[in-house]
Structure formats: C-alpha cells, structure tokens
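I have placed the structure first, in the form of structure tokens, so that the comments after it can refer back to it.
Computed from the coordinates by the stated procedures, all read-outs in this text should not be read as laboratory data. Computed from a predicted model, the values in this text were never measured in an experiment. Positions of Cβ are backbone-derived with ideal geometry, glycine not excepted, and every protein chain shown enters the neighbour counts.
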Amino acid sequence: MAKEIVKLHDKYFKKYISKSKIAKIIKQLAKNVEADLPKGEVPIFIGILNGSFMFAADFIRNYKGDCEISFVKFASYQGTKSTGEVRNLVGINESLKGRTVIILEDIIDTGNTLAEIYEIFREHQVKQLKIVTLFFKPDVFRKGLPIDYIGKSIPDKFIVGYGLDYDNLGRNLTHIYQLTQLKMKNIVLFGPPGAGKGTQADQLKDKFNLVHISTGDVFRYNIKNKTKLGLLAKTFMDKGDLVPDEVTIDMLKAEVNKNTDAKGFIFDGFPRTESQAKALDKFLTEKGQQINGMVALEVEEDLLVARLLKRGETSGRPDDQDESKIRNRFNEYETKTAILKDYYQAQGKYYGVNGVGSIEEITARLSEVFKKL
Ligand code: AMP
C-alpha cells in the first residue's frame, strides 16, 4: 500500500494522483500524438531533464510508431550583474533541421521554461515543434504560447513524485503527491486525576471546534455497555491501575480515525505513559499531523484528593469513592505519567497553567494558551 502522506525535508505531501491514473493519462497522450502525425513521420521526442525522465520513459513505451528519443537539460550559470541568471540548454547533439521535434515536459506552470524552449528550437530550423506536457497549471500560465497536448490540468498547488521533486527529493515516488499544510490543532490536556481536565475540555472543544477524546470516558462507555473492551478495562480501572498500553493505544487510534473531518483533538487522559506518547507521535506523523502542545493543569495533590472524594459522592465512579484507590491513581500518575512533562518539554511543547480557581477563570487561562497553539 502506498503511503497517503509523505514527508520530504520539512514538508508534508498527500497522495493526489495515483500511478494507475497517470498511466491512463499517458496512454491517451501517446495515442493522440501518434494520431496527429502523418503516416511514416519519425518524430524525435525530447525530454526536458530532470523532471521528465519517468514521463518520457512511459510515454515512448506507449508510442507505437517509429520514433527517436533524446534528453536535454537546462544548465544555469551566473551571468553578468545586469543579465542575472543565464540558462543554457545542453545535450542537443543531433541535427534537428527539418525534423518533427516533440518536447516532453513533466509540468508547465508559468511557462517561462516553455518560452525559452521555443526560443532555442526556433534557431534549429525544425520542421515543426510540438509540446506535450503531463501536467499543466492554467491558473499561473502567463504566456500566449501554444501547448499542443496536455495530460491533466491541475490547480496551482505544489506537487512531487513521478519525476518531480521538492528540493531534489521525491522523484522516486510512483504516485503524484500534493503539498499539504499541518492545519490541525492537536492538544494534550494534562494534569493529575481530578485536576479538571474533563470539565475544561468540555468548554474548550466548542470554543475551538475540536473533538474531545477522553480515554477514561471511552472505557466507562464500554464498561456500561459490557463490551469485551469494557470487561477487560474494568479490572484495571476499579483498582485505579492503568489499562495496558496496547489496549489503550489501539482504542485511541480507533477513536481518532472515527473523526475524519476533525479540525483537531483535545486528548484528555491520553497519553499516560511514555510508550503511549511515542505511539501517538508516530500515529500522527503518519497522518502528516502532530501534537501542537501539552497544556497542563497544575494543582496540588492534597487539594485533589478532597475534590475527587467529593466528586465520588455524585459521579458514581467506583474509583472516586475510596481514598486508597484515589491514592493508587496518584501513584500511577507520579510513577508513569508525570514524566510526560519532560517528554513534551524536551520538544518545547509544554505549557503549564495554574489549575486552582473557578471553572471560568481556568477556562480563560487555558484559552490563552490554546489560541497560540
Ligand atoms: P480518567 O477518567 O481519565 O480519570 O481515567 C479513569 C481510568 O481509566 C484510569 O484510572 C485508568 O484505569 C483508565 N485509563 C484512562 N486513560 C488511560 C490511559 N491513557 N492509559 C491507561 N489507562 C487509562
């Protein structure tokens, strides 16, 4: 399976045109070119390097008549100050006088290269000059020059793959990929049990149009509905222990994948271990996304035990009703979860917020951070 998202240097690209679609386009192009040439005419195809090497190879494989193939390349060198950069076409060895020359371009956008090609080949006194391009960007094309055959017109977005590069990488990709922005806002809402993550996430998800995923809530939902996952999680949760990583990570991924149109996520209660944090990073990277920041509610433990016992009076949560279970949750937090502060701090992504105050005050403090991320 081809990757949906690839990273080249610092940028992400998403799959845009499949190799089978490209193959179809090229087959049709070759057919059209052949149909327009007089019978017996032997054209010379000229691929413009580097970008067109794959296209040229596939094109002539689809061209059934006799033909020649050659490649040329633009070499830039610094001219005088007044002329700036000068480009020379290198690699034309054969006499083109009186020949039918057909240029194979991978992509035509502004048309600047095309204009140079016209200029150069005019001097060679060719019989006729035709241009075939695999991709064309009509929105940015600024020249009045004819383009005889266009494989596919595309919008003005940067593409790579199938010979086209981004700063020299990506030519070997078999599909065409399009530049994509990291638009999501993914935030880990962090803090010890009882810090108010759930309450705050409820406020913030609407304000910032994000999807709130609470792993604790998902587990409780499964327990209530007596699913296999619920039965498994219950044994751990009732004692205040963490549910094993594999189970939790798979569940989290499934929750994220249910929300394909999300503008971003608030992760509440996840990650809780370093291996969960690493799994989350890997999972998001594969999607061309990332964690924008960990926003932590900072509250003293003693205050929290009292808060949780109070919540236990109404929440119906067994793990809120017994001080020893609560203490065990703190123990789990201190030994396995608290280190995640270092994990995100090392990436410059940790934001601590004072978690003591009224709900509104704390929402306002968190909002200030969310806005920046
Ligand atoms: P919470 O509602 O976030 O306080 O979570 C309640 C309980 O669900 C925890 O004490 C754990 O037993 C379990 N749980 C929730 N999230 C996770 C997680 N990321 N990893 C392991 N266990 C979790």
note = Taking Cα pairs closer than 8 Å and at least 6 residues apart, the relative contact order of the chain in percent is 15
ask   = Once phi is turned into θ = phi - 60°, what whole-Hz ³J(HN,Hα) does the Karplus curve with 6.51, -1.76 and 1.60 give for every residue of the stretch 26-33, x standing for Gly and Pro?
value = 5, 4, 5, 4, 4, 5, 5, 4
request  = Counting only C-alpha contacts under 8 Å and six or more residues apart, can you give the relative contact order of the stretch 253-373 as a whole percent?
outcome  = 32
task = Quote the FRET efficiency, to the nearest 0.05, computed for Ile69 versus Asp148 with a Förster distance R0 of 30 Å and r equal to the Cβ-Cβ distance.
result = 0.95
query = Can you list the trypsin sites (Lys or Arg not before Pro) in the stretch 207-238 that are in a DSSP coil and have 15 or fewer other beta carbons within 10 angstrom?
reply = Lys226
key: Candidates per trypsin sites (Lys or Arg not before Pro) in the stretch 123-177, loop by DSSP, up to 12 other Cβ within 10 Å   = Lys127, Arg142, Lys157
inquiry  = Starting from 0.36 nm per residue, how many nanometres of slack lie between Asn50 and Ser358 once their C-alpha separation is accounted for?
reply    = 104.6 nm
task = Please compute the net charge surrounding Ser214, taking Lys and Arg as +1 and Asp and Glu as -1 over other residues with Cβ under 13 Å from its Cβ.
result = +1
task = Arrange the peptides 254-262, 266-274 so that the one whose residues have, on average, the most other Cβ atoms within 10 Å appears first.
result = 266-274, 254-262
Per-pair calculated FRET efficiency, R0 = 56 Å: Asp302 and Asp165 via Cβ, rounded to 0.05 = 0.40
Greater than 20 Å apart at Cα, pairs in Lys137/Lys157; Lys185/Lys205; Lys282/Lys371; Lys15/Lys137; Lys27/Lys152 = Lys282/Lys371
message = So the label point goes 7 Å from the Cα of Leu179 along Cα→C-beta, right? Which residues of the stretch 116-156 then have their backbone N under 12 Å from it?
response = 156
ask   = Between the stretch 271-314 and the stretch 28-69, what's the alpha-carbon centroid distance in Å?
value = 59
query = Considering the dipole of the chain built from charges on the beta carbon (Lys and Arg +1, Asp and Glu -1) around the Cα centre, which of Ala338, Asn225, Phe236 is farthest to its positive end?
reply = Asn225
Distance from the stretch 104-160 to the stretch 207-239 (C-alpha centre basis), Å = 57
inquiry  = Show me the ranking of peptides 31-42, 192-203 by mean Cβ neighbours inside 10 Å, starting with the highest.
reply    = 192-203, 31-42
In sequence order, calculated HN-Hα J values of the stretch 189-200 (Karplus, 6.51, -1.76, 1.60; Hz; x Gly/Pro) = 8, 10, x, x, x, x, 6, x, 4, x, 4, 5
ask   = If you place +1 on the Cβ of every Lys and Arg, -1 on the Cβ of every Asp and Glu, and leave all else neutral, what size is the dipole of the chain about its Cα centre, to the nearest 20 Debye?
value = 1000
ask   = So what's the projected area for the chain, the Cα convex hull averaged over all directions, in nm²?
value = 25.4
message = For the stretch 172-192 and the stretch 334-356, what is the centre-to-centre distance using only Cα atoms, to the nearest Å?
response = 22
